[in-house]
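Structure record follows, encoded as structure tokens.
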């Protein structure tokens, strides 16, 4: 992990900093640190004492739950602009999940005592924090419903649609089979079988190992069924 200072203009655009008054942002700037993480580096570990609030500047992070046998479930993928660490702010609870970098990532971190003081002085910012917590809980409830009520095929279709990016005219899936399996609570073998079926159906194409292209995004979205509603 590497640390550096944060550009003041960056704070104006990112939650929780954009919730604060200009005076508050100026006051906390010396305490905000920019941290860089390599792929698979741990940002927060489950059970670790909560030390503040984070916001993802660039890259991609996974929020991971793990059992005693080492089996993992990716409960959420964090993208630039997402904030995390909010659950431990008010009562100092330990981190409920591990946060791990998928690719080279950078976050801004503000200590717990600093952000708490700002929230005490700024009720509207406290309301925004409550809204963030509520949105996250609603998202987790939706994830539970998807796992319980959809097929593996639907969940694979949904996660492919969520993680596709356009590169030189191609719709390229940004995550691999292992991460797909961890995200949808399935096995790599099952995900590989589903992707093989999608290749046969003309939905996706694999021009070379570790590269998957979506050929028809709208048709894949339709195949996702419940997995793609409201997104």
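One table, with the values for the structure above:
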quantity: Elements of type strands (runs of 3 or more DSSP E) contained in segment 33-89, each with 3 or more residues being touching a residue at least 24 places away in the same chain (Cβ under 8 Å), touching a helix residue (DSSP H, G or I) at 6+ places or on another chain (Cβ under 8 Å) and closer than 18 Å to residue 17 by Cα; calculated: 52-58
quantity: Test: residue in segment 145-160 that is buried (at least 19 other Cβ atoms within 10 Å of the Cβ) and at pLDDT below 90; calculated: yes
quantity: Where residue 141 falls short, out of the listed (1) more than 30 Å from residue 19 (Cα to Cα); (2) exposed (fewer than 14 other Cβ atoms within 10 Å of the Cβ); (3) at pLDDT below 90; calculated: (1)
quantity: Residue that is touching a helix residue (DSSP H, G or I) at 6+ places or on another chain (Cβ under 6 Å) and surrounded by fewer than 18 Cβ atoms within 10 Å (Cβ to Cβ), where the choices are 188, 193; calculated: 188
quantity: Identity of the residue in segment 204-214, within 24 Å of residue 79 (Cβ to Cβ) and modelled with pLDDT of 90 or more, that ends up surrounded by the fewest Cβ atoms within 10 Å (Cβ to Cβ); calculated: 211
quantity: Residue within segment 176-195 that is out of contact with any strand residue (DSSP E or B) (no Cβ under 7 Å at 6 or more places or on another chain) and more than 28 Å from residue 70 (Cα to Cα) present; calculated: no
quantity: Unique match (being out of contact with any strand residue (DSSP E or B) (no Cβ under 6 Å at 6 or more places or on another chain), more than 18 Å from residue 174 (Cβ to Cβ), surrounded by 14 or more Cβ atoms within 10 Å (Cβ to Cβ) and not assigned by TED's automatic domain parsing to the domain that holds residue 181) among 88, 47, 52, 92; calculated: 88
quantity: Any chance residue 99 is buried (at least 18 other Cβ atoms within 10 Å of the Cβ), part of a strand (DSSP E or B), out of contact with any helix residue (DSSP H, G or I) (no Cβ under 9 Å at 6 or more places or on another chain) and touching a residue at least 12 places away in the same chain (Cβ under 8 Å); calculated: yes
quantity: Pair list, Cβ < 7 Å and 6+ apart or interchain, from segment 132-145 residues that are closer than 20 Å to residue 88 by Cα and assigned by TED's automatic domain parsing to the domain that holds residue 16 to residues that are modelled with pLDDT of 85 or more and outside any helix (DSSP H, G or I); calculated: 132/83; 139/76; 140/75
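The values are calculated or read from the model by the stated rules, or taken from the named source; none is laboratory data. Note that the coordinates shown come from a computational prediction; the quantities given were computed from them, not determined experimentally. All Cβ positions, glycine included, derive from the backbone under ideal geometry; neighbour counts span all protein chains shown.
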